[in-house]
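I have placed the structure first, in the form of structure tokens, so that the comments after it can refer back to it.
Computed from the coordinates by the stated procedures, all read-outs in this text should not be read as laboratory data. Since we're looking at a predicted model, the values are computed, not measured. Cβ placement follows ideal geometry from the backbone for every residue including glycine, while neighbour counts extend to all protein chains displayed.
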Amino acid sequence: MNLNPARPSFVSESQPPGAWRASLPHYLRIRDQLVADLAAGLLPGDSKLPAERELAERFACTRVTLRQALQLLERDGLIYRQNRRGWYVSPPRIRYDPTGIIGFMEYVARQGREPRTECLHAERRPAGAWLAKRMGLEHPEEPVFVLQRRRWVDQRPVLLECNVVLVDWCPALLSADLDTSLTTLLRERFGRVQSRSELLMHAETMNEAQAGLLQVSPGSSSFYLERLNFGEQGQPVEFDQEFWRPDALAVVLETRYPGEPAQP
């Protein structure tokens, strides 16, 4: 047993440098080479990878072995797959502070990217028992507007969003263009401003419909965020559910120690 703390015990004394790499499974060596290609800029962001057949020929492996490597890169957020179109290099992740009051369209544009919002469905209906309980409403028959929207960054759908807004808080909402920032719309057109929010975040699995809209495989993971917004008088007025592609997002929160001055 090697008890020298300067040398990891799993390294053989007689093993030549680099020998550990040769002992790696082939799919891990393929992954490492593709990571090196990405780091060297040989495959810029959003560019299409060569076809699987070409990659399998390059690495002298089967398609099964190649896909093991590609799936590891996908899990790490380095590449993504478009249904029936192949593999692409992931662009930089969007930096997102869910505690902020800035809307999707604005914070994506500030990062030099092109945001787009697509309203898939909008209707007025009773809240129902689940929403009434989650929002703290007095009765499940209380009317709400339900919006189903898809958000894009550049040419890729990255987020599915369900917005629920109390009808009494903003009665004319459905008369507006909903292919835009809801935060800006509520504030600038209707004079409605949220006072605070409660957030819940965890990993989630996409169902078939969600996966199809975000162009990923059913059962893929997503970053799920749930937000309950309160109005000017502290009353619950809006409930949001967000389903993000995990390879498109980096949650970034700023914290300060007590007494630490704010940075200019």
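Compared with the alpha-carbon gap, the fully stretched path from Y257 to L174 is longer by 25.5 nm at 0.36 nm per residue.
With the convex hull drawn around the C-alpha atoms of the stretch 94-251, the volume per residue stands at 110 Å³. In units of the rule-of-thumb radius 2.2 N^0.38 Å, the stretch 75-164 shows an alpha carbon radius of gyration of 1.40. Taken about its Cα centre, the stretch 19-89 carries a charge dipole of roughly 240 debye when the Cβ of each Lys and Arg holds +1 and the Cβ of each Asp and Glu holds -1. For the chain, a Gaussian network of Cα nodes joined below 10 Å ranks T117, T65, T180 by mean-square fluctuation, and the top entry is T65. Each principal axis of the Cα cloud of the stretch 51-102 was taken in turn, and the coordinate range along them, longest first, works out to 51, 19, 15 Å. Within the stretch 145-198, none of the chymotrypsin sites (Phe, Trp or Tyr not before Pro) combine a DSSP coil assignment with at most 12 other C-beta atoms in a 10 angstrom radius.
For the chain, the C-alpha radius of gyration divided by 2.2 N^0.38 Å, with N the number of residues, is 1.29.
Over 20 Å, how big is the tail of the calculated P(r) for the stretch 19-89, in percent of all Cα pairs? More than 20 Å apart: 23 percent of the Cα pairs in the stretch 19-89. Within the stretch 117-202, the GluC sites (Glu not before Pro) that combine a DSSP coil assignment with at most 14 other C-beta atoms in a 10 angstrom radius are E138, E141.
When the charge dipole of the stretch 21-70 is built from unit charges on Cβ atoms (+1 for Lys and Arg, -1 for Asp and Glu) and taken about the Cα centre, the candidate among L70, S23, F59 whose Cα reaches farthest toward its positive end is S23.
So, how do all the Cα-to-Cα distances of the stretch 164-238 break down into 10 Å bins, in percent, from 0 on up? That works out to 17, 35, 30, 17, 0, in percent per bin. For the stretch 78-138, state which trypsin sites (Lys or Arg not before Pro) are in a DSSP loop and have at most 10 other beta carbons lying within 10 Å of their beta carbon. Answer by residue number: R84, R85.
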